[in-house]
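*Asks:* My questions will all concern the structure given below.
Just so you know, all these numbers are worked out from the coordinates, no wet-lab data involved. As the structure is a prediction and not an experimental result, all values here were calculated from the model. A quick note on method: Cβ atoms are made from the backbone with ideal geometry, for glycine too, and the neighbour counts reach across all protein chains shown.
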Amino acid sequence: MKFRKILASLIVATMVMTGITGCADEEIVMESSVVNNENSTTSKTEETNGVSEEKSEESSEETRVIVDHTGAEVTIPAELDRIVISSILPLPSVYCLFRNSAEDIVGIHPSSMAAAENSYLINVFPELSNADTSFVENGEINIEQLLTLEPDVVFYGASNTDEREKYDNAGIPAIGFSTTMAGYDSVETYADWIELFGEIYGESEAANEIIEAGRKSAEEITTITDKIAPEDRPDVLILYQYSDGVIKTSGKGHFGQYWISSGGGRNVAEELDGGPEVNMEQIYQWDPDIILITNFSPYLPEDLYNNSIEGHDWSNVTAVKNGQVYKFPLGMYRWYPPASDTPLVLKWLAKTIQPELFADLDMDKEIRDYYKEHYGVELTDEDIQEIYNPAREASGK
């Protein structure tokens, strides 16, 4: 670690003096000087070669090469003691699930911290509260500040190529986690992340057990919902990001499409791409039967029921009139993107969208059993209610 501290100090000093970020070499190789002696004996040469080979073997054992979701080969230390998780916000929860600890996490994104502080995650892994968030300023990575955390590796969102360039230029190993390689199938994206953690930590068997449990949970629901006829699927609108007068929903090519379809509904925005902005006129035209509000929005169902959102009249929307507005729960993380509670999300959605088909599904029990098995936590009735009714502050807005 002394070498890492020296390297970090040299890089920061160079950047400050030159005013140019990203000027550090990817590797700094320190070699001792060698004095050639023409009178050296053959045995001495063989001895030196033997030492060199031993050092080379020791060096290879101290690092490993991981292929991340961008296809890049990343050389990382064999022992990872200082982890920064930057632009992939749900990943701290998945890391904690897989490692059953947050002790090695020294930095996370401020939005991840906002979710952690208003969720159950920080109750189970209180050490996460010590993680630094100051390396993100106005949504951008401050590489000089990040270097002061002396990370062994950074986990980041694989699509953020500019961010990756910063890490490469600063000589920081960075492993990209993708949100899209599974086509926005939330359960399979969760599986991809767990699989990559298994490779990073050399624990593929444990990873496979978690993955198979998640797939089994999803299959319990989709074997039923896949058979629902189109006419029996209610129209569902997801308010993905809704604040400051701006409404964004989930179209095709986003997690909401998977959730709604697999949960037994029809996405009213399925003709749109990604997470598009929409207006109230469009929502009136869709007139959804059910509205789901994610935890990336500070609004709660009562805001729509009370029609208290300035500039937007929700009073005549069918979902509002019939009391069919729901807030996504928040357990270890927000329940919209893939996260450590993902195997529970589809069950909650199926129970919400198709209550008659899933009348026998006891969500309280499902959550309790899951938390006991995966986190070693015995939830109280009060804990369950807090998961179902997240605070506005969890949105980070």
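*Asks:* What is the Rg over Rh value, at two decimals, for the stretch 198-317, using alpha-carbon atoms and the Kirkwood definition of Rh? List each step's numbers first, then the result.
*Replies:* Values: Rg = 17.5 Å, Rh = 16.2 Å.
When Rh is taken as the Kirkwood radius, the ratio is 1.08.
*Asks:* Once the convex hull of the alpha carbons of the stretch 260-397 is built, what does its volume come to per residue, in cubic angstrom? Provide the component values of the computation, followed by the final result.
*Replies:* Working: hull volume 17.5 nm³, N = 138.
Convex hull of Cα atoms, per residue: 127 Å³.
*Asks:* Based on the Cα coordinates of the stretch 204-249, what is the per residue volume of their convex hull in Å³? Don't skip to the end; give the middle numbers.
*Replies:* Details: hull volume 5.5 nm³, N = 46.
It is 120 Å³ per residue.
*Asks:* Quick check: pseudo-label points 7 Å beyond the Cα along Cα→Cβ at Asp362 and Leu300, how many nm apart are they?
*Replies:* Result: 2.8 nm between the two label points.
*Asks:* Taking Cα pairs under 8 Å and at least six residues apart, what relative contact order does the stretch 239-397 come out at, in percent?
*Replies:* Working: 240 pairs, mean separation 37.0, N = 159.
After rounding, I find 23 percent.
*Asks:* At a 10 angstrom cut-off on C-beta neighbours, averaged per residue, how do the peptides 345-351, 230-236 rank from highest to lowest? Don't skip to the answer; put the middle values down first.
*Replies:* Numbers: 345-351: 24.1, 230-236: 15.3.
Most protected by this proxy first, the peptides run 345-351, 230-236.
*Asks:* Ok, one more. Plugging the Kirkwood radius over Cα pairs into Stokes-Einstein for the stretch 177-230, at a temperature of 20 °C and a viscosity of 1.002 mPa s, what D comes out in µm²/s? Intermediate values should be presented prior to the final figure.
*Replies:* On the way: Rh = 12.1 Å.
D, rounded to a whole number, is 177 µm²/s.
*Asks:* Kirkwood Rh, the stretch 115-243, all Cα pairs: how many Å?
*Replies:* On the way: mean 1/r = 0.0550 Å⁻¹.
Final number for the Kirkwood radius of the stretch 115-243 is 18.2 Å.
*Asks:* While we're looking at this one, here's another question. Using only the Cα atoms of the stretch 86-190, what do you get for the radius of gyration and for Dmax, in Å?
*Replies:* Radius of gyration, then largest Cα-Cα span, for the stretch 86-190: 13.5, 37 Å.
*Asks:* Provide the three semi-axes, in whole Å and in decreasing order, of the ellipsoid equivalent to the stretch 323-397 as defined by the square roots of 5 times the Cα gyration tensor eigenvalues. Display every interim value, and only then the final one.
*Replies:* Details: eigenvalues 66, 59, 28 Å².
After scaling each eigenvalue by five and taking roots: 18, 17, 12 Å.
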